[in-house]
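K.L.:
Could you have a look at this structure, given as structure tokens, before my questions?
Laboratory data are not the source of any read-out in this text; all were calculated from the coordinates shown. Everything numeric in this text was worked out from a predicted model, so none of it was measured. Virtual Cβ from ideal backbone geometry, glycine too; neighbours counted across all protein chains shown.
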């Protein structure tokens, strides 16, 4: 399963319908330079060139300018093939009419170039082990009974140990940019995760007036002051 960013004004159904049939985590962003520049890390970027090929070429140029390490897949119609050349700086092209097997194969072939790889599908942070294939998490050998969103939140925090994330950032990354609920949702899910961790609840630390982080050693107090050094702080607002 890959994290895919689709830059399209029309959405998945418009740009690459078969993508809706696959299990990849797809996030749709507007096809603008600002969206590209502030986009979160992903395994693949898909640029929608099915309707406006010149604009798609400009977006590919922006990615080359910012030297993004995320490989690019350009979705186009058959009529756009003659316009594509090596100076676009893309990893591959795919026709809008491609079936799910082809779409999956092209994304899979792009992924080895991505900056973040998941060769084993397992995240291990001290006594915490997360299996991304089976959607299970264990703490000191004990299986945690988690809902899907609780698992996704824990997985995201564990993927960036000691990094402080704002509630807005967590809401965007775990629930999606189009989620209409408030940041209270994050607080509720953190509280539930801590309850299920039992006496090890302090592994998820709160940074006052900022947000949450997963502690690599799990030994910090629940309510921490704002860090001044030594650990990363997600100082971005909503992406």
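K.L.:
Output needed for region 158-205: three equivalent-ellipsoid semi-axes, defined as square roots of 5 times the C-alpha gyration tensor eigenvalues, in descending order, whole Å.
P.N.:
Working through the eigenvalues yields semi-axes of 20, 13, 8 Å.
K.L.:
Still on this structure, I have one more. Along Cα→Cβ, 7 Å out, is where each label goes; now give me the distance between the ones at residue 217 and residue 25 in nm to one decimal.
P.N.:
Label at residue 217, label at residue 25, 2.9 nm between them.
K.L.:
Further question on the same structure: Fewest Cβ neighbours within 10 Å first, please rank 210, 188 accordingly.
P.N.:
With the fewest neighbours first, 210, 188 line up as 188, 210.
K.L.:
Follow-up question, since we're still on this one. Simple spin-label model, 7 Å along Cα-to-Cβ: residue 183 to residue 92 in nm?
P.N.:
3.9 nm
K.L.:
Let me ask you something else. By the gyration tensor of its Cα atoms, with a ≥ b ≥ c the square roots of the eigenvalues, what is the shape of region 3-113: rounded for a/c under 1.5, prolate for a/b over b/c, or oblate?
P.N.:
rounded
K.L.:
Can you give the extra length, in nm with one decimal, that the chain gains between residue 136 and residue 58 once fully stretched, where that is 0.36 nm per residue apart less the Cα-Cα distance?
P.N.:
Here the answer is 23.9 nm.
K.L.:
Let me ask you something else. How do 55-66, 92-103 rank on mean C-beta neighbours within 10 Å, highest first?
P.N.:
55-66, 92-103
K.L.:
Still on this model: Measure off 7 Å from each Cα along the Cα-to-Cβ vector at residue 33 and residue 105, then give the distance between these two points in nanometres to one decimal.
P.N.:
Distance between the two pseudo-spin positions: 3.7 nm.
K.L.:
Follow-up. Starting with the fewest neighbours, write out 163, 133 ranked by other beta-carbon atoms found within 10 Å of each beta-carbon.
P.N.:
133, 163
K.L.:
Let me ask something else. Counting other beta carbons within 10 Å of each residue's own, what order do 156, 135 fall into, fewest first? Walk me through the numbers before you get to the answer.
P.N.:
On the way: 156 16, 135 12.
Exposure proxy ranking, most exposed first: 135, 156.
K.L.:
Calculate the FRET efficiency for residue 124 and residue 69 from the Cβ-Cβ distance with a Förster distance of 30 Å, rounded to the nearest 0.05.
P.N.:
The value I calculate is 0.80.
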